[in-house]
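Take a look at the structure set out below.
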Amino acid sequence: MSGPRRDPDVVRPYVRTGGRSRPSRDVRLETLVIAADSPLQGLEPDARRVFAVCRGGVLAVAEIAAGLELPASVVRILVSGLMDSGHLAAPVRRSRADAPTTDLLKEVLHGLRSIA
Amino acid sequence: MASAPSPDPGPSGGGTALSGGTDLPGPHDTAPDLGFEYHPPTVTRSAKLLITGPFGVGKTTLVGAVAPLVLRMDESMTEASVGVDDLRGTPQKTTTTVAMDFGRLHLNESLVLYLFGTPGQARFRPLWEGLADGALGALVLVDTRDLDHSHDVLDLLEEYGTPYAVAINRFDDAVEYPLDEVRQALDLDGSTPLTVCDARDRDSCVRALITLVEYLSARQLESRP
Ligand SMILES: Nc1nc2c(ncn2[C@@H]2O[C@H](COP(=O)(O)OP(=O)(O)OP(=O)(O)O)[C@@H](O)[C@H]2O)c(=O)[nH]1
Ligand SMILES: [Mg+2]
């Protein structure tokens, strides 16, 4: 169908993500996830690695990419698939103080001032 | 490749610390030793700022000065390249892997801030979509010895609608220009903050970030009805 592939890397991200080239949901580099209590069985090797590493605690997508040495765009797609299947979830808020603030910028500003 | 400047052991082999059950991992399912620490379980929210600017301006230096943990990730970038692939005339695409460093710092018990070192040359445009999406704003480092190379990044920021502040990273051999001249040379909007920092000095970098976030915060207030 297509001409000779000069660069095998062109096909690799596509294959590695089970045929998806875009995340199925809004998963960003800074999106935090943690593993849910789901079985590993049935996952493709890369998805399995992502899921396994997320069992250790809360990580951002970029940190999973760094730790597993996978391209960040591939990890974004794998994470969105694993969220769709219930293997990964957003970390659970523990207290009311932890509720999403109406003013994230103010909170970031406050945090930066506290470390200045 | 992950590099952790701090010798924190971290919960290494975190994946082995599974809470029992029937789903014990096989030898290949053990979580690899990340080489850095997971977030504390109280961390549930994140924010992102871009640290950008032209080649060699001190982005990595600033991220390392501010963040206690700096990591490196790869991103692949597909570009249409010049020339055509074979007789069919389909545009040839090449995939380049770009290493990007980012730092993380915890701002309070539940909030983590990521600083993404973001290359500002026009050829890195394909990376920007994933980086700019969700970013609160950007700190643009410039070098007064070479302001011409800052135009690419300012164009990218406008294109992606990312609000920004500019900080002159003062190099030892750089002549000190009045800020107004720099502002003019960069054709900055009157409201865009322009400060000076030393990318090697943590306090001056934190101050530059505070200037950026104060601006972002004021901007947000203004845009509210
Ligand atoms: N004298 C001086 N040198 C600096 C300063 N900031 C960075 N450098 C040096 O300038 C060089 C480039 O700095 P980097 O932090 O790697 O710059 P960068 O923007 O990340 O570079 P690229 O990612 O390659 O575009 C390094 O050798 C730094 O040590 C500064 O404020 N003063
Ligand atoms: Mg750099």
Tabulated pairs, the stretch B:104-121, first more than 7 Å from chain A (Cβ to nearest Cβ), second away from ligand 2 (no atom under 16 Å from the Cβ) and of a type in the set (S, T, N, Q), C-beta under 6 angstrom, 6+ apart or interchain = B:GLU109/B:THR42; B:VAL112/B:SER46
ask   = For A:CYS54, which of the numbered conditions (1) open to solvent by 10 Å² or more (accessible area, probe 1.4 Å); (2) modelled with pLDDT of 95 or more fails to hold?
value = (1)
ask   = Taking into account only those residues within the stretch B:60-75 that are open to solvent by less than 30 Å² (accessible area, probe 1.4 Å) and not β-branched (Val, Ile, Thr), which is farthest from ligand 1 (Cβ to nearest atom)?
value = B:LEU69
query = Of all residues in the stretch B:174-191, which are of a type in the set (Val, Ile, Thr) and surrounded by 16 or more Cβ atoms within 10 Å (Cβ to Cβ)?
reply = B:VAL182
ask   = For the subset of the stretch B:41-58 comprising residues that are open to solvent by 30 Å² or more (accessible area, probe 1.4 Å) and touching a Ser or Thr at 6+ places or on another chain (Cβ under 9 Å), which member is farthest from ligand 1 (Cβ to nearest atom)?
value = B:THR42
inquiry  = Of everything in the stretch B:192-225, what is assigned to a helix (DSSP H, G or I), of a type in the set (A, V, I, L, M) and open to solvent by less than 60 Å² (accessible area, probe 1.4 Å)? Give them in sequence order.
reply    = B:VAL206, B:ALA208, B:LEU209, B:ILE210, B:LEU212, B:VAL213, B:LEU216, B:ALA218
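The values are calculated or read from the model by the stated rules, or taken from the named source; none is laboratory data. The structure presented is a predicted model; accordingly, all values stated were derived computationally and were not measured. Quick reminder, even Gly has a Cβ in these numbers, built from the backbone with ideal geometry, and neighbours come from all protein chains shown. The protein model used for the area step is the full one, side chains on, heavy atoms only, and it has no ligands, DNA or RNA in it. Shrake-Rupley method; radii C 1.70, N 1.55, O 1.52, S 1.80 Å.
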